[in-house]
1. Conditions: (1) touching a Leu at 6+ places or on another chain (Cβ under 9 Å); (2) open to solvent by less than 40 Å² (accessible area, probe 1.4 Å). Residue 58 meets all but one. Number of the miss?
2. Only one of 94, 65, 102, 69 is closer than 30 Å to residue 24 by Cα and surrounded by 17 or more Cβ atoms within 10 Å (Cβ to Cβ). Can you tell me which?
3. Out of 145, 193, which single residue is open to solvent by 30 Å² or more (accessible area, probe 1.4 Å) and modelled with pLDDT of 95 or more?
4. Hey, residue 82 hits all of (1) open to solvent by 40 Å² or more (accessible area, probe 1.4 Å); (2) more than 27 Å from residue 161 (Cβ to Cβ) but one; which does it fall short on?
5. Which of the residues spanning segment 114-133 are surrounded by fewer than 24 Cβ atoms within 10 Å (Cβ to Cβ) and either assigned to a loop (DSSP other than H, G, I, E, B) or among the β-branched types (Val, Ile, Thr) (or both)?
6. Given the options 37, 29, name the one that is surrounded by fewer than 16 Cβ atoms within 10 Å (Cβ to Cβ), closer than 20 Å to residue 125 by Cβ and among the hydroxyl-bearing types (Ser, Thr, Tyr).
7. For the structure I just gave you, tell me whether residue 152 is closer than 19 Å to residue 11 by Cβ and touching a helix residue (DSSP H, G or I) at 6+ places or on another chain (Cβ under 9 Å).
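The values are calculated or read from the model by the stated rules, or taken from the named source; none is laboratory data. Source: prediction; values computed, not measured. As a convention, Cβ positions derive from the backbone with ideal geometry for all residues, glycine included, and neighbour counts pool all protein chains shown. We work out accessible area using only protein heavy atoms, side chains counted, and drop any ligands, DNA or RNA first. Shrake-Rupley method; radii C 1.70, N 1.55, O 1.52, S 1.80 Å.
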Amino acid sequence: MARVHYVVGVVLFGAFIALGIVVREAPVSLDRLLRDSVGTRWQGDLGTAAGVVSAVLGPPLPILLGAGLIVATLVLRRRGDPRALVTLRVLVLLGACRLTSLLGKPVFARDRPRDYSDFSYPSGHVASVASTGFAAVVLCLWLAPKAVSAVGTAAVAATLLACSARVALGVHWITDTAGSILAVTGVGLLVAPALRLLPGPGPGGHRPDREADRGRPG
């Protein structure tokens, strides 16, 4: 199963790179269509609503989750709880996924649809939301399996809402947001199995309590 995750991860990350190469010089038709549809409406009520969404669904999310994972890891480790191994690895996963935008922007150096003080591809806001959602789903897979479906649905909805908000504000092309989703999911599917977080703690999987037991004398 891990091999499938690696293959899909490589395909998605390759698609992210290919899309970035295609769009960095000139926007595609869908990009131009949506930019023209927004026009200057980002200066009115549409922009106000999109701005509120962007303030909530953006860079603060991975920071908050990351801080929570650090605290959880320290507390669980102090208690000798093997679940600290899970929270620590999810923290690494979250960081790897979030870095896709921070490292990708200067590589592709794509201009924004309107004047803005940063490169465009891939969207940092969307990468933040998608990274947080991906890490949260993996965390639930280990610590709260019954919540995986609900958290996954919320993560997808929040990511799509963030995409819409950034395009509505006129600060991103639609392909910037698609690139973020491809990059985060691709990197997530490559890093998570490498950290033994996927496919998850099912029968025969790697459970933190089992790993801790291996180091104890019989």
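1. It is condition (1) that residue 58 fails.
2. Exactly one of 94, 65, 102, 69 is closer than 30 Å to residue 24 by Cα and surrounded by 17 or more Cβ atoms within 10 Å (Cβ to Cβ), namely 94.
3. 145
4. For residue 82, the failing item is (1).
5. Those that are surrounded by fewer than 24 Cβ atoms within 10 Å (Cβ to Cβ) and either assigned to a loop (DSSP other than H, G, I, E, B) or among the β-branched types (Val, Ile, Thr) (or both): 114, 115, 116, 117, 118, 119.
6. Residue meeting the stated conditions: 37.
7. No.
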